[in-house]
Amino acid sequence: MDMLFIAKCVLAYLLGSIPSGLIIGKLFFNTDVREFGSKNIGATNTYRVLGLKAALPVFFFDAFKGAVGVYLLASYGPAHMILGGILAMIGHNWPIFLGFKGGRGVATGLGVLIALSPLVAAICFAVWGVIVYFTKLVSLGSIAGATLVPILMYLTGESWWFIGFGFLAAAFVIGRHKDNIKRLLAGKELKVERVKGDE
């Protein structure tokens, strides 16, 4: 068995496990984002708690984790690229550093998607942006964007490996949003609004 391959798989997971929202919140703002809003460590809740100045670096780093996961295994072929991205998403969703309680994998999944198919990533991000702009519901935009991934992979002529990734990624994201879906149906979902002041 290729030990280098195994090491890269472990590295993809560990990189995905780095809780950027928690680190940035505590290091630069003396705030644990898990104590406010949705109590999630992702970019959306970081925005609610700390604002754009904290949410942007969290978003970019979480996306970076996904892209690096793909590139770590790129030399092994398309299937392994997908594996690297999935491992990064697993790390973000179930991080070893936080007792396997992490985020919902949207930004990390976007990073994986950017590395695999920039065109599909751009379309999904645009759809997400339009939905969030008009509804202020990040979860709704994320679910819609994730649902589009396998469809767009097929329509843009990507390989069956990438289409399969689209279905798996959509299942990941939608599954992680099951509580959000319940709140959306009940009209009780949190909007992307600040829960603390702009101090």
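No value in this document is a laboratory result; all are computed from the given coordinates. What you are looking at is a predicted structure, and each value in this text was computed from that prediction instead of being measured. Positions of Cβ are generated from backbone atoms using ideal geometry, with glycine treated the same way; all protein chains shown enter the neighbour counts.
Here the residues H177, H92, H80, ranked from fewest to most Cβ neighbours within 10 Å of their Cβ, fall in the order H80, H177, H92. For the chain, find the longest principal axis of its Cα atoms and tell me its angle to the long axis of helix 20-29, 0 to 90°, nearest 10. Helix 20-29 sits roughly 40 degrees off the main axis of the chain. Averaging 1/r across all pairs of distinct Cα atoms in segment 71-147 and inverting the result yields a Kirkwood radius of 13.3 Å.
Translational diffusion coefficient of segment 3-186 (Stokes-Einstein, Kirkwood radius from Cα pairs, 10 °C, 1.306 mPa s): 98 µm²/s. Computed from Cα atoms, the angle from the helix 138-155 axis to the main principal axis of the chain rounds to 20 degrees.
Max-minus-min Cα coordinates of segment 6-96 on each principal axis give 41, 22, 20 Å, with the largest extent listed first. For segment 7-14, the Karplus equation 6.51 cos²θ - 1.76 cosθ + 1.60, evaluated at θ = phi - 60°, returns couplings of 4, 5, 4, 5, 5, 4, 5, 5 Hz by residue, with Gly and Pro reported as x.
Post the alpha-carbon centroid distance, segment 13-36 to segment 137-199, in whole angstrom. Segment 13-36 and segment 137-199 have Cα centres spaced 22 Å from each other.
Between the Cα long axis of helix 52-72 and the first principal axis of the chain there is an angle of about 10°, rounded to the nearest 10.
For segment 108-199, what ratio Rg/Rh do Cα atoms give with a Kirkwood hydrodynamic radius? We get a ratio of 1.03 for segment 108-199.
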